Amino acid sequence: QVQLVESGGGLVQAGGSLRLSCAASGSIFSINAMGWYCQAPGKQRELVATITSGGSTKYAESVKGRFTISRDNANNTVYLQMNSLKAEDTDVYYCNARMVLTTGIYMYEYWGQGTQVTVSS
């Protein structure tokens with residue numbers, strides 16, 4: 001019914017940049033917050049950055065000043081520009097969206113399949 005499709009992960013050297021994209025599709029009426037989370041093996045999923053439909057943003061302390069989240073509301077897409085990457089940024093990054101579907105009034109949360117980001121030191 002709803003899909004979040006991520007792209008843009010990969011292998012990059014420390015100090016380099018990557019741009020992640022996540023496009024939501026399906027029976028979407030409106031999307032509230034969208035965001036990115038990361039999860040290392042054996043650890044809990046952690047917030048990286050979120051953005052509301054109005055453009056308010058929130059970042060993890062570890063990425064402030066290096067990562068920028070943005071979104072294209074017309075195309076239900078969220079981006080994460082990752083600059084000055086460090087080895088410790090290596091993780092699987094998951095897209096998240098909270099949305100109301102055309103079939104109802106309740107808000108649901110969806111996750112993408114995850115995209116691997118590997119930063120070599």
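The values are calculated or read from the model by the stated rules, or taken from the named source; none is laboratory data. Given the structure is predicted, the values throughout are model-derived calculations rather than measurements. A quick note on method: Cβ atoms are made from the backbone with ideal geometry, for glycine too, and the neighbour counts reach across all protein chains shown. Each accessible area value is taken on the protein alone, full model and side chains, heavy atoms only, with ligands, DNA and RNA left out. Shrake-Rupley method; radii C 1.70, N 1.55, O 1.52, S 1.80 Å.
Results for (1) under 16 Å from Val5 (Cα atoms); (2) not polar (S, T, N, Q), shown as yes or no for each residue.
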site	(1), (2)
Gly55	no, yes
Ala60	no, yes
Asn76	yes, no
Leu85	no, yes
Asp91	no, yes
Tyr94	yes, yes
Gly114	yes, yes
Val119	no, yes
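Considering only residues in region 50-73 that are part of a loop (DSSP other than H, G, I, E, B), open to solvent by 70 Å² or more (accessible area, probe 1.4 Å) and of a type outside the set (Lys, Arg), the one that is modelled with the lowest pLDDT turns out to be Gly54.
Among the listed residues Lys86, Lys43, which satisfies the condition of being free of Cβ contacts under 8 Å to residues at least 12 places away in the same chain and within 21 Å of Ser121 (Cβ to Cβ)? Only one candidate passes the filter, namely Lys43. Filtering region 73-117 to residues that are in contact with an Asp or Glu (Cβ under 6 Å, 6 or more places away or on another chain) and small (Gly, Ala, Ser) leaves only Gly112.
Taking (1) assigned to a loop (DSSP other than H, G, I, E, B); (2) hydrophobic (A, V, I, L, M, F, W, C); (3) within 16 Å of the chain's Cα centre (by Cα) in turn, Val92 satisfies each apart from (1). Residues in region 95-116 that are exposed (fewer than 15 other Cβ atoms within 10 Å of the Cβ) and part of a strand (DSSP E or B): Met107, Tyr108, Glu109, Trp111, Gln116. Total residues in region 74-89 satisfying the condition of being open to solvent by 50 Å² or more (accessible area, probe 1.4 Å) and out of contact with any Gly (no Cβ under 9 Å at 6 or more places or on another chain): the figure is 4. Of all residues in region 53-89, exactly one satisfies the criterion of being within 11 Å of the chain's Cα centre (by Cα) and small (Gly, Ala, Ser), namely Ser70.
Residue count for region 6-44 under the criterion of being among the charged types (D, E, K, R) and either at pLDDT 95 or above or at positive phi (or both): the result is 2.
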